[in-house]
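Okay, structure first, notes after.
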Amino acid sequence: MDTISHVALSLAAAMRRDLEVTANNIANANTSGFKGERVVFESYVADGATSGDRTDFVIDAGSYVDLRAGALTNTGNPLDIALNGPGWLAYRTDDGRTAYGRDGRFMTNGDGNLVTVSGAQVLDEGGGPIGVPPDAGAIEIAQDGTVSSEAGVPLARIGLFDVPAIQSFERLGGGLFVPPDGAVSGAVPAVGTAVVQGAIESSNVQPIVEMTRLMDIQKAYERAMQINKTHDELARDAIRRIGRQS
């Protein structure tokens, strides 16, 4: 395979990766607390061994999390919370891992523990589950995450964490992040993050922007495929001409 085909295939592979990420962003446009993802591409420059010509190939350099805050929406539900600031909430997943996210749509399960709508346990500042007694009445949640009963009795404090290494974490469904295998989270108590009770944070994905990006990606992918197709047709035509002359 020659250089032209390699360049076109590198572009097609990059656009396929970008397409997957953008489609996932669109699918989570209504997921509370979801943070969009962006792919980073770089140019790999190869110089011709004899001609000295320069050729640029597209390579996937990875992706990063868009940490911009989503809009806050008031729900009036006392168990809903949003975070005002850069901090993260901690959850215990079904497989026992500690995950981080910003989905504050809470409820209580059959055991009286505070969980997300997807069933993940909400963790306190010490990494333990948060229990809400059935006779607690109307729950109050302070800006520092303290959960109190209707009578004003403190029950627990929702864990608020800063996670400096979040960009290296692996994504789970529902906008959750977990450390890579064998890595520690490095989470520390959050500074400058406050809890807003009775509200949720919307996804920071802008559907119209993502749809426009999706169309641009599809067009770039089609161009890459057309380059390969045209190049193959020219190569076949050249072979036929040589065959006729010989």
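Quote the FRET efficiency, to the nearest 0.05, computed for residue 64 versus residue 218 with a Förster distance R0 of 30 Å and r equal to the Cβ-Cβ distance.
Taking R0 as 30 Å, the efficiency between residue 64 and residue 218 is 0.85.
Would you mind giving the three semi-axes, in whole Å and largest first, of the ellipsoid equivalent to segment 72-201 according to its Cα gyration tensor?
24, 16, 13
Could you point to the residue in 159, 145, 183 farthest towards the positive end of segment 72-201's charge dipole, with +1 and -1 charges on the Cβ of Lys/Arg and Asp/Glu respectively?
183
Could you give P(r) for segment 134-243, binned at 10 Å from zero, as whole percent values over all Cα-Cα pairs?
Answer for segment 134-243: a P(r) of 11, 19, 22, 18, 11, 9, 6, 4, 2, 0 percent.
For labels at residue 26 and residue 183 in the simple 7 Å Cα→Cβ model, what's the distance in nm?
Reported label-point gap for residue 26 and residue 183 is 2.9 nm.
How many percent of the alpha carbon pairs in segment 142-198 exceed a separation of 15 Å?
More than 15 Å apart: 61 percent of the Cα pairs in segment 142-198.
Between residue 41 and residue 244, what length comes free when the chain is fully extended (0.36 nm per residue of separation minus the Cα-Cα distance, one decimal in nm)?
68.7 nm
Residue separation times 0.36 nm, minus the C-alpha to C-alpha distance between residue 13 and residue 211: what's the value?
Length difference between fully extended and current span is 69.3 nm.
Can you give the charge dipole size of segment 72-201 about its Cα centre, rounded to the nearest 20 debye, using +1 on the beta carbon of Lys and Arg and -1 on the beta carbon of Asp and Glu?
Taking the Cα centre of segment 72-201 as origin, the dipole is about 200 debye.
Each reported figure results from applying straightforward, stated rules to the coordinates on display, with no laboratory input. Since the structure is predicted, the reported quantities are computational estimates derived from the model, not experimental observations. Because the Cβ atoms are built from the backbone with ideal geometry, glycine has one as well, and the counts that use them run over all protein chains shown.
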